[in-house]
Amino acid sequence: MEGGAQLGAGGLELPPGDGGEEPEGGPAGEAGAADDPGGGLGLGGPPGRSLGGAGQPGAVPLARPMEIGADVGWGEEDWTEVRIRAQRAGRAYVWLNLVEQRMRAVVAAVLRPIYEPVHGHEWVIAAAGPAGQEWVQRAVAVREVSRRKGYLLDPADDTLISFLTLPQLRELMVQHWPCFEPYFEGRREVELALDELEVARSAVARNRALSETVLAQAERMCRRLLELLGAAPEGAAAMGRLPVDAVEELVGDRFCDVVGVHSDRVRLQRQLPAEDLFGGARRLDAIGIGLNLLVQNYSGRRLVRLAEAGCRVRLLFLNPASSAVKRRERELGLKKGELARSVETNILHMRRVRSRLRDQAAFEIHVFDETPRFTAYLVDGDGADGLAVVQSYLRGARGMETPVLVLRGPGRTVSARGVGEGVLFPTYREEFDAFWADSRPVS
């Protein structure tokens, strides 16, 4: 090489190292010290370490390889964190996917008949206009790349509108709102809801963490948008007790008709208070030892109004004089007669409620003598909005402390296997009917 240049490690061309042109400590040495205080070529090596050994004339200092020693493993806490992130992102994605599909369908249904007769397949470009020229051309480019690389697995997606994002669909709707106004009300509400979704949409698109608050807000906004855009599920108005969740709608067949699991009754009531569970019911069947969820959490006045509105009530208590009550007292470590008095108090309270009704035959109270195996509240089990709250009796735990299952009524199919096949609600309803047939009425 010219000038006696040398090749160092990695192919770097090193300056000549004869050491004769500049004395040590001369201008070249000063420049090197000022520009590269770390010791030669800016590679961060310690000063004094050079090729050919320290003190060798003309040697250029280079950095030695450093041992990284990075810990690339994940512990249990790390896995827990990423699972939570994935669960939240998955829930948000389902909602956002539904909203985007609905927006795409609405925009196409309204704008396509206006622009397609004149502009043909380029009707989306014409609808975007000069204001949307940049993003619509970007969508065109993405579609062309997808065509060449074979990403379009469904021919229905080989349309330009399929490549528009949610903010771009929003722009089309806002720009042409007079076209949408005859079909939808509340332009401002639609815009605000779509703006609120941008935080969650951006986080999901970039695989960033979603907080529980942002996820809850996104789900509320998506549900509201689907209502505003006329895509609320059939019978949604009747499902105010526990609305069908979008994720449940998609994966519910994996879990029969179980739509909620809670470690105890306190956590159940945070999500589903007694007012929401029993309010507006047409039919209520309940079986248990003392039925505290109903008796102690739903006032007698409300029960009277519920029954007067036409709700048929059947309550099945464990007989406070039976031997099963005494066994349960021993299991829970209660004093003799303590549980029996509690059950008797609840029955007396329900009798007072019944006495205030005009049609007392629609409010039935029975007792049974068998060993109690579960407590269940079956609400509107004959309709699409039916729910059941079920708890098994554990040996050493009170009803307040035992796990709770929330079941969806059989009026709605959650599985391709069909209603009543592989679901739990009918099982508990049959058990209730069997206990009721062997019970005795309370006068």
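The table for this structure:
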read-out	value
Answer from F180, F184 - the residue that is of a type in the set (F, W, Y), within 18 Å of Q101 (Cβ to Cβ) and at pLDDT 90 or above	F180
Test: residue in the stretch 165-180 that is among the aliphatic types (A, V, I, L, M) and open to solvent by 70 Å² or more (accessible area, probe 1.4 Å)	no
Inter-residue pairs, beta-carbon under 8 Å, first under 26 Å from E198 (Cβ atoms) and of a type in the set (A, V, I, L, M, F, W, C) and in the stretch 74-98, second part of a loop (DSSP other than H, G, I, E, B) and open to solvent by 50 Å² or more (accessible area, probe 1.4 Å), 6+ apart	V82/W74; A89/N207
Counted residues, the stretch 153-167 - those being within 15 Å of R112 (Cβ to Cβ) and either out of contact with any Lys or Arg (no Cβ under 9 Å at 6 or more places or on another chain) or part of a helix (DSSP H, G or I) (or both)	4
Test: residue in the stretch 375-392 that is touching a Phe, Trp or Tyr at 6+ places or on another chain (Cβ under 9 Å), modelled with pLDDT under 95 and aromatic (F, W, Y)	no
In the stretch 331-353, the residues that are open to solvent by less than 30 Å² (accessible area, probe 1.4 Å) and either in contact with a strand residue (DSSP E or B) (Cβ under 6 Å, 6 or more places away or on another chain) or of a type in the set (A, V, I, L, M, F, W, C) (or both)	L339, A340, V343, I347, M350, V353
Residues of the stretch 271-296 satisfying the condition of being small (G, A, S) and either on the phi < 0 side of the Ramachandran plot or open to solvent by less than 10 Å² (accessible area, probe 1.4 Å) (or both)	A274, G279, A281, A286, G288, G290
Subset of the stretch 226-269 [of a type in the set (D, E, K, R), at pLDDT 90 or above and open to solvent by 70 Å² or more (accessible area, probe 1.4 Å)]	R267
Scan of the stretch 297-312 for residues that are surrounded by 15 or more Cβ atoms within 10 Å (Cβ to Cβ) and of a type in the set (A, V, I, L, M, F, W, C), ordered by number	L303, V304, L306, A307, C311
Residue list for the stretch 386-398, filter: in contact (Cβ under 8 Å) with a residue 40 or more places away in the chain and open to solvent by 20 Å² or more (accessible area, probe 1.4 Å)	Y393, R395, G396, R398
Residue match in the stretch 313-330 (condition: part of a strand (DSSP E or B), under 16 Å from V442 (Cβ atoms) and open to solvent by 20 Å² or more (accessible area, probe 1.4 Å))	yes
Meets criteria (surrounded by 17 or more Cβ atoms within 10 Å (Cβ to Cβ), in a helix (DSSP H, G or I) and either at pLDDT 90 or above or in contact with a Pro (Cβ under 6 Å, 6 or more places away or on another chain) (or both)) for I114	no
Cβ pairs under 9 Å, 6+ apart, first in the stretch 254-265 and assigned to a helix (DSSP H, G or I), second among the β-branched types (V, I, T) and modelled with pLDDT of 90 or more	F255/V261; R265/V389; R265/T402; R265/V404
Residues (open to solvent by less than 30 Å² (accessible area, probe 1.4 Å) and closer than 16 Å to Q101 by Cβ) located in the stretch 194-217	L194, L197
Selection from the stretch 381-410 of residues that are closer than 21 Å to R282 by Cα, in a loop (DSSP other than H, G, I, E, B) and touching a helix residue (DSSP H, G or I) at 6+ places or on another chain (Cβ under 9 Å)	G381, G383, A384, D385, G386, G409, P410
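The values are calculated or read from the model by the stated rules, or taken from the named source; none is laboratory data. Keep in mind it's a predicted model, so treat the numbers as computed, not measured. Heads up, the Cβs are rebuilt from the backbone with ideal geometry, glycines too, and the neighbour counts pull from every protein chain shown. Areas reflect the complete protein model, heavy atoms only, side chains present, ligands, DNA and RNA absent. Shrake-Rupley method; radii C 1.70, N 1.55, O 1.52, S 1.80 Å.
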